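Here the structure comes first, spelled out in structure tokens, and everything after it is commentary.
The values are calculated or read from the model by the stated rules, or taken from the named source; none is laboratory data. Predicted, not measured: the structure shown is a model, and the values here were computed from it. All Cβ positions, even for glycine, are placed from backbone atoms using ideal geometry, and neighbour counts span all protein chains on display.
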Amino acid sequence: MSIRPILRFPDPRLSQPAFRVERFDSDLAALAADLLDTMRAAPGIGITAPHIGVSQSLTVIELDPDSGPRIYVNPEIEWASAETISHAEGSVSMPGITDDVVRPRSVRVRYQTIGGDVMNEEADGLLSICLQHEIDQLDGIFWLQRLSRLKRERAIKRFAKQGKNG
């Protein structure tokens, strides 16, 4: 469809919870298609509607182009494992900056399809991390908030310096 502009950190809209999707129509499908195009162009492996300034609970994840994109509407974590995993994370809203975030290794997510059907999915590894990361974003929790204060401040300084040099 089309590539949309991505909000950049520290845009305050990235810290606002998204509204639940109530209408499952062609506008929602077009928004999902735009998110996919925007994410691929960024490039990234996950993106939410709030990343492009649309306050709707919608995320698109594509870990492998051969497997295709996964679309989650109104996703919520129902269960998370006690076992954790550490993985480098970043954001399309803060390109070039990553840091290790510790999250539960496995989750079970309840969500709706683009057509409104209610589904459950269990995920582990990278998909689990991506789902948690994007659901955080939909809840108004930018990934930096999962870092210690020191790591967060360093990441913000690196991003600011990158902007001045880039």
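Kindly provide the set of residues from region 129-149 that are under 8 Å from the mean Cα position of the chain (by Cα) and part of a loop (DSSP other than H, G, I, E, B), ordered by number.
Of everything in region 129-149, nothing turns out to be under 8 Å from the mean Cα position of the chain (by Cα) and part of a loop (DSSP other than H, G, I, E, B).
If residue 65 passes every condition in (1) in contact with a helix residue (DSSP H, G or I) (Cβ under 9 Å, 6 or more places away or on another chain); (2) at pLDDT 95 or above but one, which one does it miss?
(2)
Can you name every residue in region 14-24 that is surrounded by 12 or more Cβ atoms within 10 Å (Cβ to Cβ) and more than 28 Å from residue 144 (Cα to Cα)?
The answer is 24, and nothing else.
Filtering region 103-130 down to residues that are farther than 14 Å from residue 72 by Cα and in contact with a Lys or Arg (Cβ under 8 Å, 6 or more places away or on another chain), which residue is surrounded by the most Cβ atoms within 10 Å (Cβ to Cβ)?
129
Only one of these conditions is not met by residue 164: (1) assigned to a helix (DSSP H, G or I); (2) modelled with pLDDT of 95 or more. Which number is it?
(2)
Search region 67-89 for residues that are buried (at least 16 other Cβ atoms within 10 Å of the Cβ) and pair each with any residue that is among the polar types (S, T, N, Q) when their beta-carbon atoms are under 6 Å apart and the residues are at least 6 apart or on different chains.
72/59; 73/112; 74/57; 74/112
I'd like the residue in region 54-90 that is small (Gly, Ala, Ser) and closer than 16 Å to residue 21 by Cβ and, out of all such residues, is farthest from the chain's Cα centre (by Cα).
55
Which of (1) in a helix (DSSP H, G or I); (2) farther than 18 Å from residue 142 by Cα is the odd one out, the single condition residue 108 does not satisfy?
Every listed condition holds for residue 108 apart from (1).
Residue 156 - would you say it is closer than 19 Å to residue 45 by Cα and either assigned to a helix (DSSP H, G or I) or at pLDDT 95 or above (or both)?
Details: closer than 19 Å to residue 45 by Cα: no; either assigned to a helix (DSSP H, G or I) or at pLDDT 95 or above (or both): yes.
Criteria not met by residue 156.
Mind listing whichever residues of region 37-58 are surrounded by fewer than 17 Cβ atoms within 10 Å (Cβ to Cβ) and in a helix (DSSP H, G or I)?
Result: 37, 40, 41.
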